[in-house]
Amino acid sequence: MRQFFIKIRIDSSNYIGKKCVISKDCIFGGENSIGDFTLISENVKLDRKAKVGVRAVLSNIEVGENSFVESGVICSGSGEGKIKIGKETYIGINNILDWSDNIEIGSYVHIAGPSTGLWTHSSVKMVLKNIPLFEQNKVDRETLPIRVEDNVYIGGNCTIYPGVVIHHHSVVTPNSVVNKDVEPYTMVGGVPAKFIKKINP
């Protein structure tokens, strides 16, 4: 059974899987495909031919033309951030995108799964200062945007820290923690991620 709270600009060229829930403020560009049991929450825009896998949870996100947000991807956050993804980009299975601040992901980017997280917030101050979970403010819960430029590969099981810029034509190897900017035409990896070698595409 398909469930729709509000239909906004969804036409017959789109495929909507079974038991999907689509909320308000959503725009589908046409020829989109939404997998079964997926929640399309508020402020979602899918450009033409964008695809979403099964059991994904999307909110505050714009997905570019012919990009694919895989099964189990979760967009979550607390704040005013937005997620913007370019064209021909792949977001891998079970990845997490934190819209507590802005995330910008370019075109021809592959972020492999499983379980790569782009985190725009830190709750370290809350923990160290005994601040109750639902009483934080912007000072207690620091946020910084993340930017991933065009032509970037990020392996599975990576963590991208708040404030990081991953520049174009770069590679982050699997199982890495990226806590500082990645220069163009470089490969980095490790915990924390360090320079491995230059890349010549």
(message) Quick check: residue separation of Val191 and Lys18 times 0.36 nm, minus the Cα distance between them. What number comes out in nm?
(response) 58.2 nm
(message) If every alpha-carbon in the range 161-201 counts as one equal scatterer, what log10 I(q)/I(0) does Debye give at q = 0.18 1/Å?
(response) -0.40
(request) Treating each Cα of the range 3-198 as an identical point scatterer and ignoring solvent, apply the Debye formula and state log10 I(q)/I(0) at q = 0.13, 0.15, 0.20 Å⁻¹. (result) -0.68, -0.88, -1.31
(request) In whole Å, largest first, what are the principal axis extents of the Cα atoms in the range 32-121? (result) 30, 27, 25
(request) Could you list Ile22, Ile131 in order of exposure, starting from the residue whose Cβ has the fewest other Cβ atoms within 10 Å? (result) Ile131, Ile22
(message) Taking 28 Å as the cut-off for C-alpha to C-alpha distance, list the pairs among Lys51/Lys198; Lys24/Lys51; Lys19/Lys49; Lys125/Lys198; Lys51/Lys180 that go past it.
(response) Lys51/Lys198; Lys125/Lys198; Lys51/Lys180
(request) Grab the Cα-Cα distance for Phe134 and Val57, subtract it from 0.36 nm times how many residues apart they are, and report the gain in nm with one decimal. (result) 25.5 nm
(message) Give me the one-decimal nm value for the distance between modelled label points at Lys198 and Asn175, 7 Å along each residue's Cα-to-Cβ direction.
(response) 2.9 nm
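The numbers here are math on the coordinates, done by the rules we state, and not lab data. What you see is a predicted model; the values in this text were computed from it and never measured. Note that each Cβ is placed from the backbone with ideal geometry, even for glycine, and that neighbours are counted across all protein chains shown.
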